[in-house]
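The values are calculated or read from the model by the stated rules, or taken from the named source; none is laboratory data. Since we're looking at a predicted model, the values are computed, not measured. All Cβ positions, glycine included, derive from the backbone under ideal geometry; neighbour counts span all protein chains shown. Only protein heavy atoms, including side chains, enter the accessible area calculation; ligands, DNA and RNA are left aside. Shrake-Rupley method; radii C 1.70, N 1.55, O 1.52, S 1.80 Å.
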Amino acid sequence: MSWFTRTVTASLGKKYIMALSGLVLGAFLLVHAAGNTTILLGRSAFLSYAGHLHAFDFALVGIEFLLLAFFLAHVVTGLVLFMQNMWARPERYAVNNNAGGRTWGSATMPYTGIIVFLFILVHLYNFHFIAPGAVIADVVAEVLGSPLYTVLYGIGLTALALHISHGFWSLFQSAGINHPKYNRFIIVCAWVIGGLIIAVFGIIVVMLLVNSNLLA
Amino acid sequence: MAAREISLNLKIWRQENQGKKGTFENYRLEKINSNMSFLEMIDVLNEKLTREGREPVAFDHDCREGICGMCGAVVDGIAHGPEKATTLCQLHMRHFRDGQTLTIEPFRARAFPIIRDLVVDRSAFDRIIQAGGFISVNTGSAPDANAIPVAQTKAELAMDAAACIGCGACVAACPNASAMLFVGAKISQLALLPQGGPEREKRALSMVRAMDREGFGNCSNERECEAVCPKSISIRNIARLNREFVRASLFSDENE
Ligand code: HEM
Ligand code: SF4
Ligand code: FES
């Protein structure tokens, strides 16, 4: 095996893949949330944002493929880690107790990850693979005007919130960044950024349900 | 503290050997002196079982003063029992209530096969140490004290890491049965000191490869290990292990 294969297939190599791809996905999420705040400003602001974005169509395709690559690396490596970790403890404990480290987020990473994966499929079906010529503001208003989708998006966002509640801190530890001088700073930033992302998406979903004229 | 006497209901994992299936068996103990250690409590049970002509419960122990790393079991879902920073041998019965039911299980991990009852085979740790947890030096005559300067702060961190007694509770407590706290401690204690310098990169690669070969799981930063570690080894050592691995893999000429 080459040094490269040996490095990325090692336990620690896989941890770095999770951390790097998780960071990229998190950065995308932040940009995505920032852009989507234009929905709250009304139809013209949102369409103008979408228009500006698609003026970069030539670069967008490249960025989309890059994002897809990081996403697949994250999902595939995450599932491999999950299976290896199950395999490493063939017989479960009769009594399970938390000694003080585990959180809801950390304990559910693989499961919230899979829910987020399914949610992203639904999300792309809703807003990415739309009929040519359809106006995005109308598509968004229609989909998220339906209570069924409000519930689905609520589930997806809850899973994502749990996932990043552990992930945004965890990626620093995986990357070897841990020092008493700034550990608290990292945790505070992780919660503030994660909270902001979830709040923005959550508010948009609720607003689109209660105010059907938001994007009219 | 004045001694009390307590009675206990014990649910203990019994397993004849690695190949046989294990089960829990229930025992009742009366009049346990609260000044006893947890292992002394099992001694009392074993004397009782022996007198009754039954098989005593097999468990590992040696120093019984918290320094050798031989003892350990999972008590009510917590490795080494409910007291922080305490080995099972140093855990005292005064921390338990009269009439309490305790479930006692062995450390569970594929890499730690059960030998009998509560005794598990932790030789996987020995093989990781053999892969690089040492310094190859000429041990001729004793060197002068202070011949090699070491910063006080570094010496402290190295000493903290060197406090690891290799008990394996970190693996037992980890939801993924990962050994990274142990390996992080063993790599750190040498990486922090000048004496560990010459073999630093080679050691990081060999020990991580050895750890992966043994079939331990992968750390997902759950922090259960540092919560049960009898020596309070910090996960800062896992972060250092991660850095050492990248340094050796990407920036050194070592190849393994
Ligand atoms: C936008 C979506 C996502 C974001 C922002 C995200 C972010 C993160 C971050 C930051 C981490 C921590 C990495 C580390 O500990 O070093 C992580 C871990 C993880 N992610 Fe995701 N993730 C996303 C989607 C997914 C999906 C779709 C899966 C599907 C299986 C998944 C599975 C996992 C797993 C299993 C872990 C734990 C890995 C471990 O053992 O350490 N994630 N994620
Ligand atoms: S790191 Fe702590 S729990 Fe793990 S083997 Fe060393 S002393 Fe035991
Ligand atoms: S018997 Fe030595 S540490 Fe417990």
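How many angstrom lie between the C-alpha centres of the range B:204-221 and the range A:58-117? Each part's Cα centre sits 18 Å from the other's. Other residues with beta-carbon under 12 Å from the beta-carbon of A:Thr108 carry, at +1 per Lys or Arg and -1 per Asp or Glu, a net charge of 0.
Summary value for the range B:5-105: 34 percent relative contact order, contacts being C-alpha pairs under 8 angstrom separated by 6+ residues. Sequentially through the range A:90-106, phi angles give Karplus couplings (6.51, -1.76, 1.60; θ = phi - 60°) of x, 10, 6, 6, 6, 10, 10, 9, 9, 7, x, x, 5, 10, 4, x, 5 Hz, Gly and Pro residues having no value and appearing as x.
Amide hydrogen proximity for B:Val120: with H placed 1.01 Å from N in the peptide plane, the residues at 5 or more positions away or on another chain lying under 5 Å are B:Ile115.
Converting phi to 3J(HN,Hα) with the Karplus coefficients 6.51, -1.76 and 1.60 and the offset θ = phi - 60°, the range B:171-183 yields 5, 4, 7, 5, x, 9, 6, 8, 9, 6, 5, 4, 5 Hz in sequence order, with x at every glycine or proline. Applying the criteria of a DSSP loop state and at most 15 other Cβ atoms within 10 Å to the chymotrypsin sites (Phe, Trp or Tyr not before Pro) of the range A:127-172 yields A:Phe129.
Placing +1 on each Lys and Arg Cβ and -1 on each Asp and Glu Cβ, with no other charges, gives chain A a dipole about its Cα centre of roughly 860 debye. A 1.4 Å probe run over the protein chains yields, for the protein assembly as shown, 50 Å² of accessible area per residue, whole-number rounding.
In this assembly, the A-B interface accounts for approximately 3900 Å² of buried accessible surface in total, computed with a 1.4 Å probe and without ligands, DNA or RNA.
Between B:Leu88, B:Leu49, B:Leu118, the Gaussian network model of chain B with springs among Cα atoms under 10 angstrom shows the greatest mean-square fluctuation at B:Leu49. Considering only C-alpha atoms, what is the centroid distance from the range A:148-199 to the range B:37-111, in Å? Rounded to whole Å, the Cα centres lie 39 Å apart. Only helical runs count toward this figure. For the protein assembly as shown, summing -39,500 (n - 2.57) over DSSP H runs of n ≥ 4 and dividing by all residues gives -17000 deg cm²/dmol at 222 nm. Report in % the part of the accessible area of the protein assembly as shown that belongs to carbon and sulfur, leaving out ligands and nucleic acids; probe 1.4 Å. Whole-percent figure for carbon plus sulfur exposure: 62. Each DSSP beta bridge with both residues in the range B:5-105 is either parallel or antiparallel, and the antiparallel ones are about 80%. Distances between placed amide hydrogens fall under 5 Å for B:Leu102 paired with B:Asn9, B:Leu10, B:Lys11, all partners being 5 or more residues away or on another chain.
Please identify every one of the chymotrypsin sites (Phe, Trp or Tyr not before Pro) in the range A:33-65 that sits in a loop by DSSP and has no more than 15 other beta carbons within 10 Å of its own beta carbon.
Within the range A:33-65, the qualifying chymotrypsin sites (Phe, Trp or Tyr not before Pro) (loop, at most 15 other Cβ atoms within 10 Å) are A:Phe56.
Compared with the dominant principal axis of the Cα atoms in chain B, helix B:236-251 is inclined by about 40°.
For chain A, the longest principal axis of the C-alpha atoms and the axis of helix A:147-174 are separated by about 40°.
Taking θ as phi - 60° and the Karplus parameters 6.51, -1.76 and 1.60, the scalar couplings of the range A:206-213 work out to 5, 4, 5, 6, 7, 10, 6, 9 Hz in sequence order, x denoting glycine and proline. Working from Cα pairs under 8 Å separated by at least six residues, relative contact order for chain A is 34 percent. Coordinate range of the alpha-carbon atoms in chain A per principal axis, descending: 55, 43, 38 Å.
Can you give me the angle between helix A:11-36 and the longest principal axis of chain A, using Cα atoms only, in degrees from 0 to 90, rounded to the nearest 10? With rounding to tens, the tilt is 20 degrees.
With a 10 Å cut-off around each Cβ of B:224-231, the average count of Cβ atoms from other chains is 3. Charged neighbours of B:Arg110, selected by a Cβ distance under 14 Å, balance to +1 (K, R count +1; D, E count -1).
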